Amino acid sequence: MDLEWRYYKDGKAICKKKKIVWISIWENFIKASFIFAEKTRPGVLGLSFNEEIKSTFSNTKPTGKLIPLMVDIKDEESFEGFKTLLNYKKNLR
């Protein structure tokens, strides 16, 4: 996976030319933004990570064919959820 960082506070992770996640750094946390397709929503909801985030994601209406999922990484638990989503997204085809 490659990281592309901008001069500001954000960047993105890319794997084989596919954007995996957008990342921005804030004072007390890191924000990770994923984009999923409607057909991958059930797979995301089947993963083991924060139930509140899953609930929000399940109720998020698609923008066109895409559904955003944002995670605030503030502690070890949220970092583990981020890694779970990162690995899932990386392995999608």
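The values are calculated or read from the model by the stated rules, or taken from the named source; none is laboratory data. What you see is a predicted model, and the numbers here were worked out from it, not measured in a lab. All Cβ positions, even for glycine, are placed from backbone atoms using ideal geometry, and neighbour counts span all protein chains on display. Heads up: the accessible areas ignore ligands, DNA and RNA and are worked out on the full protein's heavy atoms, side chains in. Shrake-Rupley method; radii C 1.70, N 1.55, O 1.52, S 1.80 Å.
Name the residues of segment 77-93 whose amide N is less than 19 Å from a point 7 angstrom out from the Cα of residue 65 along the C-beta direction?
89-93
Given a 1.4 angstrom probe, what's the average accessible area per residue across the chain, in square angstrom?
Ligands and nucleic acids excluded, the result is 71 Å² per residue.
By the scheme Lys and Arg +1, Asp and Glu -1, what is the net charge of all other residues having a beta-carbon under 11 Å from that of residue 60?
+2
Near the amide H of residue 73, under 5 Å away, which other amide H atoms are found, from residues 5 or more places off or on another chain, if H is placed in the peptide plane?
Amide H to amide H, under 5 Å and 5 or more residues apart or across chains, residue 73 pairs with 30, 31, 32.
Each residue of segment 14-19 in order: what ³J(HN,Hα) in whole Hz does its phi give by Karplus 6.51 cos²θ - 1.76 cosθ + 1.60, θ = phi - 60°, with x for Gly and Pro?
10, 10, 6, 6, 9, 6
What percentage of the solvent-accessible surface of the chain, computed with a 1.4 Å probe over protein heavy atoms, is contributed by carbon and sulfur atoms?
55
Can you list the GluC sites (Glu not before Pro) in the chain that are in a DSSP coil and have 13 or fewer other beta carbons within 10 angstrom?
27
According to a simple spin-label model (label point 7 Å from Cα along Cα-to-Cβ), what is the distance in nm between residue 18 and residue 84?
Going from the residue 84 label point to the residue 18 one covers 2.0 nm.
Please go through segment 4-93 and write out the chymotrypsin sites (Phe, Trp or Tyr not before Pro) that DSSP classes as loop and that have at most 14 other C-beta atoms within 10 Å.
Listed in order of number, the matching sites are 7, 8, 26, 29.
With a ≥ b ≥ c taken as the square roots of the eigenvalues of the C-alpha gyration tensor of the chain, please select rounded if a/c is under 1.5 and otherwise prolate if a/b is larger than b/c or oblate if it is not?
oblate
Run the numbers for residue 26 and residue 92: contour at 0.36 nm per residue of separation, minus the present Cα-Cα distance, in nm.
Separation in residues times 0.36 nm, less the Cα-Cα distance, equals 20.9 nm.
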